[in-house]
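A quick write-up on the structure given underneath.
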Amino acid sequence: KEIARAAGLSEAALYKHFRDKEELFLLLMHERVPQWIGVVTDLVARAGTGTVAANLETIAYEAILFYGDFVPMAASLFAEPDILAKHQKRLHRDDLGPQNANLAVADYVRREQREGRLPRAVDPDAAAALVLGSAFQRAFLRRYLGLPLDEKTERAFAKQLVRTLFAR
C-alpha cells in the first residue's frame, strides 16, 4: 500500500505491473544491491590511491545512504518468511548478498596493508564489519527514529568513524 501511494498509484494499478508483493520486492532488492556492490568494488580498485582515510570515509558515507534505503525493504522481508526464503535462495544461487560488501572492504584493507598504508595488526574482516556495521546501525537508527537525512552530518559521522577506528 505504501509503495502504491508513494508511486501515485492505486494498489490495483500497482498489481497490474507486478504479479504480487514478492515480485515487486525482489525486483527492488536485486536492482539496488548490485549498485551498492559496485560502489564497494570501486573501493577495492582505489587501493594505493588517495588516502586510506578518505577512501574508507567515502565507503562509510555511501553505506549510510544505501542502508538508509535498504533498512525498510529488509524489515518487510523479515515479515514475510516465504519471500525471505526465496530471496535467500536467489542470493545463494547468484552469489549475491550483504556479505559481499564485507568481503570487498576486507579485501581493500588487505591491499592497503600490502602497500604498507595500514598496519598488519588491523584485522581486515573486523575492520570491514566495524565500518559497515556502524554505517548500518547509523542508517537504522535514523530510519527507526524518523529523522531526516542530513548529508553534512552523515559525512562528518563517516569521517569520525574512520578516524576513531584507525587512530594510531
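List of remarks:
- Note on region 92-111: residues that are at pLDDT 95 or above, open to solvent by less than 60 Å² (accessible area, probe 1.4 Å) and not hydrophobic (A, V, I, L, M, F, W, C) amount to 2.
- Filtered residues of region 6-61 (kept if without any contact (Cβ under 8 Å) to a residue 24 or more places away in the chain, within 19 Å of Ala158 (Cα to Cα) and of a type in the set (Asp, Glu)): Asp42
- Selection of region 1-10 for residues being in a helix (DSSP H, G or I), surrounded by 14 or more Cβ atoms within 10 Å (Cβ to Cβ) and of a type outside the set (Val, Ile, Thr) yields only Ala4.
- Qualifying residues in region 45-68 (those that are among the small types (Gly, Ala, Ser) and out of contact with any helix residue (DSSP H, G or I) (no Cβ under 8 Å at 6 or more places or on another chain)) - the one nearest to Glu151 (Cα to Cα): Ala54
Yes or no, residue by residue, for (1) crowded, with 17+ Cβ neighbours inside 10 Å; (2) at positive phi; (3) within 20 Å of the chain's Cα centre (by Cα):
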{"site": "Ala12", "(1), (2), (3)": "no, no, no"}
{"site": "Tyr15", "(1), (2), (3)": "no, no, no"}
{"site": "Glu31", "(1), (2), (3)": "no, no, yes"}
{"site": "Thr41", "(1), (2), (3)": "no, no, yes"}
{"site": "Ala45", "(1), (2), (3)": "no, no, yes"}
{"site": "Gly48", "(1), (2), (3)": "no, yes, no"}
{"site": "Thr58", "(1), (2), (3)": "yes, no, yes"}
{"site": "Tyr61", "(1), (2), (3)": "yes, no, yes"}
{"site": "Lys89", "(1), (2), (3)": "no, no, yes"}
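- Selection count, region 112-123, where residues are open to solvent by less than 20 Å² (accessible area, probe 1.4 Å) and either in contact (Cβ under 8 Å) with a residue 12 or more places away in the chain or not polar (S, T, N, Q) (or both): 2
The values are calculated or read from the model by the stated rules, or taken from the named source; none is laboratory data. Since the structure is predicted, the reported quantities are computational estimates derived from the model, not experimental observations. Don't worry about glycine lacking a Cβ; one is built from the backbone with ideal geometry, like all the others, and counts go over all protein chains shown. When the accessible area is computed, the model is the full protein with side chains, heavy atoms only, and any ligands, DNA or RNA have been set aside. Shrake-Rupley method; radii C 1.70, N 1.55, O 1.52, S 1.80 Å.
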